[in-house]
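K.L.:
This is the structure I have questions about; it appears just below.
The values are calculated or read from the model by the stated rules, or taken from the named source; none is laboratory data. Everything numeric here is computed off the predicted structure, so don't read it as measured data. Ideal geometry is used to build each Cβ from the backbone, glycine not excepted, and the neighbour counts take in all protein chains shown. For accessibility, only protein heavy atoms count, side chains too; no ligands or nucleic acids. Shrake-Rupley method; radii C 1.70, N 1.55, O 1.52, S 1.80 Å.
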Amino acid sequence: MAKIAKFNGGFCGRLQEKLKKDYLCSPKICFMFQQELINEIVEKGLMSLDWTMQPQSLYEPVEYMLSIGGKHIRPKLCLTSYNLFSDNIGQTVVWPAVALEVFHQFTLLHDDIMDKAKLRRGVPSVVAKWDSNSALLSGDAMLVTAYTLLEKIDAKLLPQKRVWSHFLEN
């Protein structure tokens, strides 16, 4: 599982304060981030995941998979949606958004295994570059990391009643 680093000395908070000062936003008005800034937060979050652990044969394919690009639409939509209600985009919100992308990439990796795909986004897939066993295990490491990142969400942001309890009661 990836080592989870802190953002560079509170990157999100410093960015918010600078933008609020520059745009003279009232503290009572929710500040909407520009999409370029949401993109930057997502990219920094993904880049801050450390996949340089051992065994290298497990984590190198993960790092490769995350480095070959993509729109990263899921974490961007997550942060943009959250930003409709709050201008406090901190680590407890960024990590679950990053988890969405790691989880999505995990599903693509396993999809490539099922399809025996040679290419992903115009470059050799993990299956082609390594093998299906490496891809499977690396995908599993991504899944565990996604769950670990989800654990970082602030409990105050979650509904008090668990979703599953509704189904269990009926």
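K.L.:
From the convex hull of the Cα coordinates of segment 55-170, what is the mean projected area in square nanometres?
P.N.:
9.2
K.L.:
Quick one: which residues, 5 or more positions from residue 120 or on another chain, have an amide H under 5 Å from its amide H? H modelled 1.01 Å from N in the peptide plane, none for Pro or chain starts.
P.N.:
Placed amide hydrogens put 125 under 5 Å from residue 120.
K.L.:
Gain in length, residue 121 to residue 34, computed as 0.36 nm per residue apart minus the alpha-carbon separation, to one decimal in nm?
P.N.:
Stretched out fully, the residue 121 to residue 34 stretch lengthens by 28.6 nm.
K.L.:
Under a plain spin-label model, where a point goes 7 Å from the Cα along Cα-to-Cβ, how far apart in nm are residue 111 and residue 144?
P.N.:
2.5
K.L.:
Which pairs, out of 76/118; 129/152; 116/152, put more than 30 Å between their alpha-carbon atoms?
P.N.:
Over 30 Å Cα-Cα: 129/152; 116/152.
K.L.:
Percent of accessible area on segment 30-170 owned by carbon and sulfur, 1.4 Å probe? Working shown, then result.
P.N.:
Details: 4760 of 8000 Å².
With neighbouring chains kept in place, the figure for segment 30-170 is 59 percent.
K.L.:
Provide the FRET efficiency to the nearest 0.05 for the residue 154-residue 57 pair, computing r from the beta carbons and using R0 = 35 Å.
P.N.:
Here the calculated transfer efficiency is 0.50.
K.L.:
So, taking all protein chains as they sit and a 1.4 Å probe, how much accessible area belongs to residue 92, in Å² rounded to tens?
P.N.:
That residue has around 60 Å² of solvent-accessible surface.
K.L.:
With unit charges on the beta carbons (Lys and Arg positive, Asp and Glu negative) and the dipole taken about the Cα centre of segment 48-101, which residue among 93, 68, 81 sits farthest to the positive side?
P.N.:
So the residue we want is 81.
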